[in-house]
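The values are calculated or read from the model by the stated rules, or taken from the named source; none is laboratory data. Bear in mind the structure is a predicted one, so any value in this text is a computation, not a measurement. Because the Cβ atoms are built from the backbone with ideal geometry, glycine has one as well, and the counts that use them run over all protein chains shown.
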Amino acid sequence: MLICRRCAWFLLAACLWALAAPVSGLAESIRVGIGFAIPPYVIRSEDAGVEVDIIREALGRVGVEAEFIYLPNLRLPVAFAEGSVDCVAANAGYDLAADSGVPAYYSTITVIFHNYAVSLEKNGFSIMSIEDLADKRVLAFNNAAKYLGRDFAAMAASNARYSELADQALQVRMLLSGRVDVVISDKRIFLYWMKKNNRYSGLGIKPGESRLAFHSIFPPAPRRVAFRDEDLRTRFDQGLGLLNSEGGIKVIEERYAGVEEE
């Protein structure tokens with residue numbers, strides 16, 4: 001009788017362990033490829049940020065630990081193709097599968113950026129559409145021509161003074177110093193780097209002395225995560241849903257609040 005009871009307890013424990021264990025074949029630690037210089041969404045030095053925290057906590061809700069691999073945008077599809085990352089966080093309009101040549105399974109929206117054409121107010125530019133950028137020195141982030149739609153790609157291809165740069169801190173410096181006319185950037189990202197630059201750039205320009213014009217010519221830019229594994233994508237979406245229903249996403253966004261326009 002004692003043996004049978006021991007067997008019963010053993011079987012019950014085994015069943016409970018099986019229910020708690022992750023689905024077979026799904027990784028419990030994955031490498032997430034993400035752009036390396038997009039604070040306050042991604043702060044590499046702190047291994048944190050709005051987008052980083054959302055992805056980490058959503059994966060954590062389903063028992064998966066995330067290791068973030070910080071790369072230039074142009075390296076992300078290469079890393080995905082090589083298998084050195086298991087998923088990539090990117091703009092929802094970006095077709096990672098086409099760019100990498102590897103099938104990708106896309107998550108629901110994680111966070112929403114909003115890109116603007118940013119100029120100095122003193123220049124008095126009237127920028128009402130992408131076409132108004134055609135005669136200007138435009139500096140955008142890496143792969144912007146792929147992310148921002150056909151009209152923007154056409155402008156970039158025909159504008160000899162269009163360029164892209166991964167370092168968004170340097171974008172701010174180039175605009176403030178007059179080396180470019182317009183920078184394409186998410187508003188919160190630009191203001192974050194503008195405040196940082198005022199501390200060490202040597203330009204001697206304060207936000208109040210160089211007013212900015214934010215031209216809203218782009219729609220909001222949702223972000224998502226592209227996975228190599230379809231089941232892992234499904235689990236991530238489940239974790240993201242849980243995080244959202246618990247109010248966790250709002251908590252994360254409030255954690256990084258405070259980047260205001262001067």
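Screening segment 135-185 for helices (runs of 4 or more DSSP H) wholly inside it with 1 or more residues that are more than 17 Å from the chain's Cα centre (by Cα) returns the ranges 150-158, 168-176. Taking the numbered list (1) modelled with pLDDT of 95 or more; (2) on the phi < 0 side of the Ramachandran plot in turn, Gly83 passes all entries but (2).
Scanning segment 112-125 for residues that are within 28 Å of Val251 (Cβ to Cβ) and either buried (at least 20 other Cβ atoms within 10 Å of the Cβ) or among the aromatic types (Phe, Trp, Tyr) (or both) yields a count of 3. Any residue that is at pLDDT 80 or above, of a type in the set (Lys, Arg) and under 20 Å from His114 (Cα atoms) - is there at least one of those in segment 221-240? Within segment 221-240, one or more residues are at pLDDT 80 or above, of a type in the set (Lys, Arg) and under 20 Å from His114 (Cα atoms).
Okay, residues lined up against (1) in contact with a helix residue (DSSP H, G or I) (Cβ under 6 Å, 6 or more places away or on another chain); (2) among the hydrophobic types (A, V, I, L, M, F, W, C):
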position	(1), (2)
Glu51	no, no
Glu65	no, no
Val85	yes, yes
Val88	yes, yes
Asp95	no, no
Ala98	no, yes
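The residues in segment 35-55 that are in a strand (DSSP E or B) and touching a Gly at 6+ places or on another chain (Cβ under 8 Å) can be counted, and the count is 3.
Quick grid of which residues meet (1) at pLDDT below 50; (2) out of contact with any helix residue (DSSP H, G or I) (no Cβ under 6 Å at 6 or more places or on another chain); (3) surrounded by 10 or more Cβ atoms within 10 Å (Cβ to Cβ); (4) over 22 Å from Arg61 (Cβ atoms):
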| site | (1), (2), (3), (4) |
| --- | --- |
| Phe10 | yes, yes, yes, yes |
| Cys15 | yes, yes, yes, yes |
| Val42 | no, no, yes, no |
| Asp47 | no, yes, yes, no |
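Which residues, counting only those in segment 218-244, are part of a strand (DSSP E or B) and either out of contact with any Phe, Trp or Tyr (no Cβ under 7 Å at 6 or more places or on another chain) or basic (Lys, Arg) (or both)? Correct list: Pro222, Arg223, Arg224. For segment 69-85, filtered to residues that are touching a strand residue (DSSP E or B) at 6+ places or on another chain (Cβ under 6 Å) and crowded, with 22+ Cβ neighbours inside 10 Å, the residue that is farthest from Leu232 (Cα to Cα) is Asn73. With the structure loaded, tell me whether Ile54 is touching a Ser or Thr at 6+ places or on another chain (Cβ under 9 Å), modelled with pLDDT of 95 or more and within 20 Å of Thr234 (Cβ to Cβ) or whether it fails that test. So Ile54 passes the test. If you go through segment 113-158 and keep only what is over 25 Å from Ser177 (Cα atoms), in contact with a strand residue (DSSP E or B) (Cβ under 9 Å, 6 or more places away or on another chain) and at pLDDT 95 or above, you end up with nothing.
Taking the criterion of being under 13 Å from Phe227 (Cα atoms), more than 16 Å from the chain's Cα centre (by Cα) and surrounded by 18 or more Cβ atoms within 10 Å (Cβ to Cβ), the residues of segment 87-104 that qualify are Ser100, Ala104. Looking across segment 128-154, the residues that are buried (at least 20 other Cβ atoms within 10 Å of the Cβ), closer than 23 Å to Tyr192 by Cα and touching a Leu at 6+ places or on another chain (Cβ under 9 Å) come down to Leu139, Ala140, Phe141, Asn143.
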